[in-house]
Structure formats: structure tokens, C-alpha cells
Amino acid sequence: AKGAGRNRFSYFTPALQVAALNRMRLTNDLRSAVKGDQLKLYFQPIVHLETGRIRKAEALLRWQHPQRGLVSPLEFIPLAESSGLIVDIGQWVFNESIQWVQRWRSDVHPDFQVSLNQSPVEFQREGGSYEVWLRALRQAGVPGQAIVVEITEGLLLDASKMVTDKLLQLRDGGIQVALDDFGTGYSSLSYLNKFDIDYLKIDRSFVRNLAPDSSDLALSEAIIVMAHKLGLHVIAEGVETPQQRDLLAAAGCDYGQGYLFDKPLPAEEFDALLRSHAAM
Ligand code: C2E
Ligand code: CA
Ligand code: CA
Ligand code: CA
């Protein structure tokens with residue numbers, strides 16, 4: 001039975017060749033995108049549910065490809081990982097983010113935070129360390145607390161010494177940690193206690209089906225109670241309707257993020273949005 005899969009798909013069907021060629025081309029293009037001006041940073045507001053205030057945002061990467069238009073990070077992050085370009089890209093995201101968060105902390109609110117995604121490959125890459133980030137923060141005069149790093153559950157499940165060390169390094173620099181896509185992976189709760197995590201992001205697959213008396217509401221409520229007992233704040237992802245927002249707020253969820261509030265916006269637009277909010 002094991003061999004059957006191999007017989008069915010030969011490695012060099014034309015379709016696979018085309019896909020491989022496509023990946024190679026796109027990886028090459030990505031190399032010039034990083035050097036050139038094609039990467040754009042978008043920000044999506046994270047809204048405090050009780051007050052409606054925006055004190056946090058998630059940085060989301062976009063690639064404006066000269067021929068293909070906007071390429072999704074779901075498509076190009078894996079290429080960036082396999083080619084090693086992820087290191088330069090992650091550094092670019094970080095540099096952009098500290099410039100923006102510095103302005104928002106001085107002009108909008110002193111506690112403003114920007115959340116950055118770190119894919120497992122990015123987080124675990126050999127020899128990588130967050131020293132470069134911490135130095136950049138010191139040089140810019142931005143405290144670590146301005147930054148939240150979003151990681152996924154899988155990273156903690158089998159945490160190597162390297163993972164633990166890096167988490168401690170972030171923590172020592174004041175950088176906070178959020179557990180992204182919570183509920184989609186292994187969802188072992190023991191590591192919430194074992195590692196120092198600040199935020200838990202409930203995955204949008206739970207939020208999508210929220211309704212009164214639904215099992216997803218019961219699960220969300222349980223997650224929120226447990227997270228609060230462990231001293232974590234909870235962010236719900238993918239909030240699209242007022243009903244979802246209201247159910248989450250009633251369940252004690254701290255923050256919401258989703259199209260109901262705003263989609264990810266180009267940095268300049270998000271900046272304008274924040275300033276108009278702050279003026280109200
Ligand atoms: P994620 O970290 O789970 O980010 C949330 C995704 O949900 C974003 O997709 C966002 O645009 C989308 N979203 C926000 N609100 C809603 C909503 O109400 N409904 C629905 N259906 N979707 C919503 P996006 O921007 O396409 O990013 C996809 C993924 O790419 C991210 O998932 C993250 O894993 C990765 N990514 C994005 N930027 C970066 C980056 O700078 N570095 C790394 N390593 N990964 C990144
Ligand atoms: Ca995220
Ligand atoms: Ca997520
Ligand atoms: Ca904590």
C-alpha cells in the first residue's frame with residue numbers, strides 16, 4: 001500500500017514541472033522584491049472590545065509583484081523560508097514596524113504595540129538570534145514592550161533548548177509573546193503555564209461559527225476563562241459580525257481583530273485612521 005502513492009504520481013509529470021518552475025521564478029522575483037521596493041507592510045487594528053480603542057495592530061506583509069499584482073503571504077512566506085530570504089524579510093518587517101510603532105507611541109498612545117508574525121521556520125532557524133532586534137530597539141530608543149511576537153502552538157509542543165532560549169531572549173528584551181491561531185493545533189494547555197506567554201489569539205475558525213448556545217461559544221468561553229486564570233489576555237481573530245463581537249465581549253474576551261473593525265490597511269492609511277480615532 002505504501003508504494004501505491006509513488007506509482008500513482010511520477011515525479012516529473014508536466015504539471016509538477018510547471019509548478020516547480022513557477023516556484024523558482026517566484027523565488028527569484030522575491031529576491032529582487034526584497035532589494036527593491038515591492039514589499040509593503042499593512043497593519044490591522046486590534047480593538048479593545050470594552051472601549052473600542054485601538055492600542056495594538058498586527059503587521060501583515062504584502063508583496064506587490066510587478067506582473068502578478070498582490071501576492072499573498074501564504075504563497076510567498078514558504079518560498080522565503082526555503083530560500084533563506086525569510087531572514088532579510090523578517091528583518092525588514094521588524095525595521096519598518098519599529099519606525100511606525102515609535103510614532104504611534106509618541107503621537108497616539110504611549111502603550112501602543114505592534115504584533116509581528118514569526119513562522120516556525122523563521123523562529124527556529126539555525127544560528128539566528130534576536131540580538132539584532134534588541135540592538136535595533138536600543139538604538140531607536142524603543143522599549144521591547146512596543147513589540148509582540150506571534151508564534152504558533154507547534155513551536156511549543158516539542159520546544160527544543162533553542163526555542164526556549166529564544167523565548168527567554170525576547171522576554172529579557174521586554175518583547176511580549178502571543179500564541180497565534182490558538183485551537184487549531186495540538187491545543188495542549190500545559191505549555192501556557194510552562195512558557196511565559198502574554199496573549200492568546202483564538203483562531204478565526206472558532207469565531208466563524210459563534211452563535212448563542214453553540215459549541216464554539218462554549219469552547220471560546222472556556223478558553224477565555226482559562227487564559228485569564230493564567231494571566232493571559234485574549235484576542236479573537238476574524239471577527240466579522242456585530243453578533244460575534246457581542247458574544248465575545250460577553251464572554252470576557254479582551255480584544256477583537258477582523259473585518260468588522262477594519263481589514264489590514266497600508267501603513268499610511270492605518271496611520272491616518274489612528275490619528276482620526278485619537279482625535280475623537
Ligand atoms: P495570521 O497571522 O493568522 O494573520 C491573520 C490573517 O487573517 C491575515 O491574512 C488577515 O488579513 C486575515 N484576516 C483578518 N481579519 C479577518 C477576517 O475578519 N476574516 C478573514 N477571513 N480573514 C481575516 P494575511 O494577511 O493574508 O496573512 C496570512 C498569513 O501569512 C498570516 O496569518 C501569517 O501567518 C502570514 N504572515 C503575514 N505577514 C507575515 C510576516 O510578516 N511574517 C511571517 N512570517 N508571516 C506572515
Ligand atoms: Ca498572526
Ligand atoms: Ca492567526
Ligand atoms: Ca505572562
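Side notes on the structure shown:
- Count - residues of the stretch 90-131 that are part of a helix (DSSP H, G or I) and either more than 15 Å from residue 149 (Cα to Cα) or out of contact with any helix residue (DSSP H, G or I) (no Cβ under 8 Å at 6 or more places or on another chain) (or both): 10
- The set of residues in the stretch 227-243 that are within 13 Å of ligand 1 (Cβ to nearest atom) and not charged (D, E, K, R) comprises 235, 236, 238, 239, 241, 242.
- Checking each residue in the stretch 209-242 for being surrounded by 14 or more Cβ atoms within 10 Å (Cβ to Cβ) and either within 16 Å of ligand 2 (Cβ to nearest atom) or among the hydroxyl-bearing types (Ser, Thr, Tyr) (or both) picks out 220, 232, 233, 234, 235, 236, 237, 238, 239, 241.
- Where a residue in the stretch 170-183 is in contact (Cβ under 8 Å) with a residue 24 or more places away in the chain and its partner, wherever it lies, is buried (at least 18 other Cβ atoms within 10 Å of the Cβ) and aromatic (Phe, Trp, Tyr), with Cβ under 6 Å and at least six apart: 170/130; 178/199; 183/206
- Of the residues examined, residue 260 is not one that is surrounded by 14 or more Cβ atoms within 10 Å (Cβ to Cβ), within 16 Å of ligand 2 (Cβ to nearest atom) and under 19 Å from the mean Cα position of the chain (by Cα).
- Only one entry in 181, 158 is open to solvent by 30 Å² or more (accessible area, probe 1.4 Å), among the charged types (D, E, K, R) and more than 16 Å from ligand 1 (Cβ to nearest atom), namely 158.
- Test: residue in the stretch 244-254 that is within 13 Å of ligand 1 (Cβ to nearest atom) and without any contact (Cβ under 8 Å) to a residue 60 or more places away in the chain: yes
- Of all the listed residues (131, 122, 96, 126), the sole one being charged (D, E, K, R) and in contact with a Leu (Cβ under 9 Å, 6 or more places away or on another chain) is 96.
- Residue count for the stretch 105-153, restricted to those that are under 19 Å from the mean Cα position of the chain (by Cα), crowded, with 20+ Cβ neighbours inside 10 Å and away from ligand 1 (no atom under 16 Å from the Cβ): 2
- From the list 129, 160, 119, the one residue that fits, being hydroxyl-bearing (Ser, Thr, Tyr) and in contact with a Pro (Cβ under 9 Å, 6 or more places away or on another chain), is 119.
- Residues satisfying the stated conditions in the stretch 1-48, i.e. over 27 Å from residue 180 (Cβ atoms), at pLDDT 85 or above and not in a helix (DSSP H, G or I): 36, 37
- Looking at 271, 172, just one residue is open to solvent by less than 30 Å² (accessible area, probe 1.4 Å) and not small (Gly, Ala, Ser), and that residue is 271.
- Selection from the stretch 26-67 of residues that are small (Gly, Ala, Ser), buried (at least 20 other Cβ atoms within 10 Å of the Cβ) and within 15 Å of residue 239 (Cβ to Cβ): 57
- Residue match in the stretch 186-200 (condition: under 18 Å from the mean Cα position of the chain (by Cα), within 16 Å of ligand 2 (Cβ to nearest atom) and assigned to a loop (DSSP other than H, G, I, E, B)): yes
The values are calculated or read from the model by the stated rules, or taken from the named source; none is laboratory data. None of these values were measured; they are calculated from a predicted model. Note that each Cβ is placed from the backbone with ideal geometry, even for glycine, and that neighbours are counted across all protein chains shown. Quick note on the areas: whole protein, heavy atoms, side chains included, nothing else; ligands and nucleic acids left out. Shrake-Rupley method; radii C 1.70, N 1.55, O 1.52, S 1.80 Å.
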